[in-house]
Amino acid sequence: MFTRELVGVSTHSYKIELKYGEFLNASVNQKGKDVSVRIVAPDSSTIAEIDSPNGDNGEEPIRLEAKLSGTYFIHINSSRTDTRAGQYEIKINEILSPEDNSRRLAEVNRKQQAVVKWIKANLIPVKTVESGKDFSDLQPFKKILKDVHYIGLGEATHGTSEFFQFKNRMLQFLVKEMGFRVFTIEAGYSSCQQINDYVLGRTEKGKEALDSMGYWLWNTEEIWAMIDWMRAYNRTLPAENKIRFIGFDIQNNLPGQAKLIEYLNRTAPKEAEKYEELLRTNLGPLFEHLMDNNKKTDAAAKLENLRRSANDLYVFLDLRSAGVEGKEKRDEHAEMRELARVMVQHIDAYFTNGLQAVTNLRDLYMADNFRRIVSREPAGTKFVIWAHNGHLATTTTGGYFTTIGHHLRRFYGQSYYALGFSFNKGGFQARLADPAIIQRTLGTRTPLKAFTVSEAPIGSIDWHLAQTKQNMFIIDFRLSPKNVVVNEWLYNVHPMRYIGGSYAAHQEGNKFNPTVVGKEFDGLFFIDTTKRARPRQSVVNVVQ
């Protein structure tokens with residue numbers, strides 16, 4: 001084991017001699033430098049490309065069974081977008097002889113079959129992802145969620161139709177049969193307010209409201225159907241029983257900035273002039289410029305000025321709070337202060353060095369926003385939380401970043417239930433990953449297109465679930481009885497699909513996150529085969 005520094009965009013190469021049938025167990029531990037690993041066989045063919053979605057910290061595992069005798073090369077490449085100097089540690093954990101490897105494979109197979117047997121014995125079959133009146137297959141969930149007030153509904157991709165449909169069905173079940181009343185989502189706090197107005201019947205412009213969210217990920221026909229159902233469900237209910245739609249993310253604050261401009265012009269014209277530049281600036285492009293060597297210096301200077309301005313605006317509104325008279329005016333002022341606070345969070349999180357630091361702060365602030373949403377609701381209110389698996393997990397293997405799910409478990413203990421989502425094969429949509437184009441997940445400069453992945457690789461969490469040969473089910477990790485082998489599987493690291501907002505076909509083997517499934521999730525929803533979510537016509541740069 002040794003540690004080396006990697007500077008800029010460069011490659012370090014290593015070679016190792018292996019005999020046919022030997023097994024290499026090694027790892028590359030990133031320490032402030034995002035790297036990928038390419039393994040080349042003696043015949044010069046590339047046999048593996050490893051780039052886990054863990055940013056610039058965490059392990060890139062190397063598991064290699066030699067199919068040829070000879071010299072194997074391990075190339076460690078820095079990310080093309082990470083030009084900083086950083087370190088990595090490379091370590092050989094073990095090299096097994098062909099005989100020892102054969103015994104290892106037999107033992108691995110025995111344990112895998114035992115885990116599959118346990119899953120089959122304890123799974124809850126799901127009849128359909130489509131919403132409707134029949135929830136008979138979901139009734140066992142009432143026992144599982146008996147003491148749960150906060151349920152996270154995850155997703156292994158941001159663009160799977162069946163995930164979105166099943167979350168709609170789960171929402172309807174939770175609302176109708178278990179009394180859940182507040183739906184929250186990994187989307188901008190201010191940009192979801194128009195959707196909430198539509199759900200509550202305050203406006204007729206529902207589709208425009210969904211567009212105003214600014215998240216192409218959620219701008220799909222499946223989610224539009226869910227929002228329309230929420231509005232229909234609320235139509236005959238008294239205000240206190242209506243379900244609400246609230247975002248807790250810190251991004252896309254343009255709708256909130258427009259409200260702040262109008263409010264300041266009406267109540268404090270001099271301050272409106274002072275903060276006009278801040279409130280009329282679209283921050284998204286500036287954060288992208290921070291990743292561009294030709295633009296980052298000017299972008300950083302401007303963001304520093306905007307950061308000070310946002311902090312000043314929040315302090316101004318906070319100090320003015322005590323002098324606002326009348327409940328209606330106090331409520332409006334409190335909402336303006338909240339919009340300014342989320343702007344401060346946005347700048348503070350994204351004006352930070354390193355993807356890990358950005359993600360840490362983003363998830364911390366999302367958790368804080370959720371907690372504030374909870375504090376404004378009556379005691380005992382039940383909440384649904386919609387986000388990617390990577391955010392809802394109660395911890396992240398390798399400590400890459402501290403998730404919102406970690407904070408929710410810290411805030412609410414076992415009253416928070418994290419339901420991850422998994423699939424075996426099929427389609428989804430994502431923005432085409434292009435290293436020549438620097439953009440955040442919300443960017444639209446690369447096309448939104450359909451992708452297909454083959455069956456999950458042997459040994460992955462998704463593969464274990466698929467071996468049950470059941471099309472759809474939920475497996476609960478809290479109440480189901482376990483044995484020694486199952487506990488070993490639940491509480492050791494295995495790969496699990498992890499696909500975000502961008503993707504390229506050659507990345508299929510890399511889009512697996514090292515996961516301790518029993519530690520990160522309380523249960524999983526699994527579907528064998530999926531298809532692409534259906535983007536609405538208003539989404540730009542779509543390839544059908």
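Miscellaneous remarks
- Output for the range 290-346, where each listed residue is farther than 14 Å from L260 by Cβ and in contact (Cβ under 8 Å) with a residue 40 or more places away in the chain: L290, M291, D292, N293, A300, L303, E304, R307, Q345
- Taken together, the residues in the range 18-49 that are closer than 20 Å to R104 by Cβ and not basic (K, R) amount to 12.
- Lone unmet requirement of (1) touching a residue at least 24 places away in the same chain (Cβ under 8 Å); (2) over 19 Å from A433 (Cβ atoms) for I47: (1)
- Note on the range 129-156: residues that are part of a loop (DSSP other than H, G, I, E, B) and in contact (Cβ under 8 Å) with a residue 60 or more places away in the chain amount to 9.
- Selection count where residues are loosely packed, with under 14 Cβ neighbours inside 10 Å and either more than 15 Å from F428 (Cβ to Cβ) or polar (S, T, N, Q) (or both), scope the range 530-544: 4
- Qualifying residue in the range 243-259 (condition: over 25 Å from R372 (Cα atoms) and out of contact with any Ser or Thr (no Cβ under 7 Å at 6 or more places or on another chain)): no
- Residues being more than 26 Å from the chain's Cα centre (by Cα) and of a type in the set (A, V, I, L, M, F, W, C) - total across the range 119-149: 2
- Test result for R110, basic (K, R) and either in the same structural domain as M472 (by TED's automatic domain parsing) or out of contact with any strand residue (DSSP E or B) (no Cβ under 8 Å at 6 or more places or on another chain) (or both): yes
- Listing of helices (runs of 4 or more DSSP H) fully contained in the range 160-276 that carry 3 or more residues being outside the structural domain of G380 (by TED's automatic domain parsing), farther than 30 Å from P140 by Cβ and not polar (S, T, N, Q): 254-267, 269-274
- Where a residue in the range 500-522 is touching a residue at least 40 places away in the same chain (Cβ under 8 Å) and within 16 Å of R431 (Cβ to Cβ) and its partner, wherever it lies, is assigned to a helix (DSSP H, G or I) and among the aliphatic types (A, V, I, L, M), with Cβ under 7 Å and at least six apart: G501/L217
- Any chance G8 is surrounded by fewer than 18 Cβ atoms within 10 Å (Cβ to Cβ) and on the phi > 0 side of the Ramachandran plot: yes
- Qualifying residue in the range 331-350 (condition: outside the structural domain of S191 (by TED's automatic domain parsing), under 27 Å from the mean Cα position of the chain (by Cα), within 28 Å of N389 (Cα to Cα) and assigned to a loop (DSSP other than H, G, I, E, B)): no
- Residue in the range 483-494 that is closer than 30 Å to H289 by Cβ, under 19 Å from the mean Cα position of the chain (by Cα), not β-branched (V, I, T) and not in a helix (DSSP H, G or I) present: no
- Residue satisfying all of: in the range 248-276; of a type in the set (G, A, S) and under 12 Å from A340 (Cα atoms); surrounded by the fewest Cβ atoms within 10 Å (Cβ to Cβ) among these: A258
- Count of residues meeting criterion [out of contact with any strand residue (DSSP E or B) (no Cβ under 7 Å at 6 or more places or on another chain) and at pLDDT 95 or above] in the range 71-101: 4
- Listed by position, the strands (runs of 3 or more DSSP E) inside the range 1-120 whose residues that are farther than 24 Å from G459 by Cα number at least 2 are 2-6, 11-18, 70-78, 86-96.
- Evaluation of T395 against the conditions (1) assigned to a helix (DSSP H, G or I); (2) hydroxyl-bearing (S, T, Y); (3) at pLDDT below 95 shows that the sole unmet condition is (1).
- Some residue of the range 495-503 being assigned by TED's automatic domain parsing to the domain that holds K425, surrounded by fewer than 20 Cβ atoms within 10 Å (Cβ to Cβ) and more than 16 Å from H158 (Cβ to Cβ): no
- Sole residue being closer than 30 Å to K295 by Cβ, surrounded by 14 or more Cβ atoms within 10 Å (Cβ to Cβ) and either out of contact with any Cys (no Cβ under 9 Å at 6 or more places or on another chain) or at pLDDT 95 or above (or both), chosen from I474, I438: I438
- The range 172-215 - residue that is touching a residue at least 60 places away in the same chain (Cβ under 8 Å) and among the charged types (D, E, K, R) and, of those, surrounded by the most Cβ atoms within 10 Å (Cβ to Cβ): E186
The values are calculated or read from the model by the stated rules, or taken from the named source; none is laboratory data. Just so you know, these numbers come straight off a predicted model, no measurement behind them. In this analysis, Cβ positions are derived from the backbone assuming ideal geometry, glycine residues included, and neighbour counts consider all displayed protein chains.
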